[in-house]
1. Can you pull the one-decimal nm distance between simple spin-label points at His55 and Gln69, each 7 Å off the Cα toward Cβ?
2. Can you put Asp56, Asp41, Asp68 in order, fewest other beta carbons within 10 Å first?
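Just so it is clear, none of the values below were taken in a lab; they were calculated from the coordinates. Note that this is a predicted model, so its numbers are computed, not measured. Reconstructed Cβ throughout: ideal geometry from the backbone, glycine too, with neighbour counts over all protein chains shown.
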Amino acid sequence: MKTLSCLAVVASVALAACAPKPENVKPTYASQAVYNNLSCDQIAAESVTVSNKAHDAANLERKHRRQDQGITAAGLVVFWPALFFAHGHNASSATNLAALKGEMEALEAASASKNCGIEFQRT
């Protein structure tokens, strides 16, 4: 019984160390002031660039999460030292994704203030 309890605790801690889902990464603040002097066309062009970068960052975060889950499963079942190779919560890809999400919010705010009608589709 004690062994089962220990295994459950180790599994919980290991799974908590996995990279977060991209959908769960919260945006960091970015000022819309950077975009206030741009025209609607310029805001639209910047929106495409930031959106593409955010899409790539979300895919990278998904990849890290899958790798972490595989390492965790292998570590729990076969070789526990493998758990040291998980990316974890502090991965730079999550930080980058959060910054890009913040830029997207700033672009939407700048767009709204100029009535450009640019909105990002959330998935």
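1. It is 2.3 nm.
2. Numbers: Asp56 14, Asp41 9, Asp68 23.
Ordered from fewest to most neighbouring Cβ atoms within 10 Å, Asp56, Asp41, Asp68 come out as Asp41, Asp56, Asp68.
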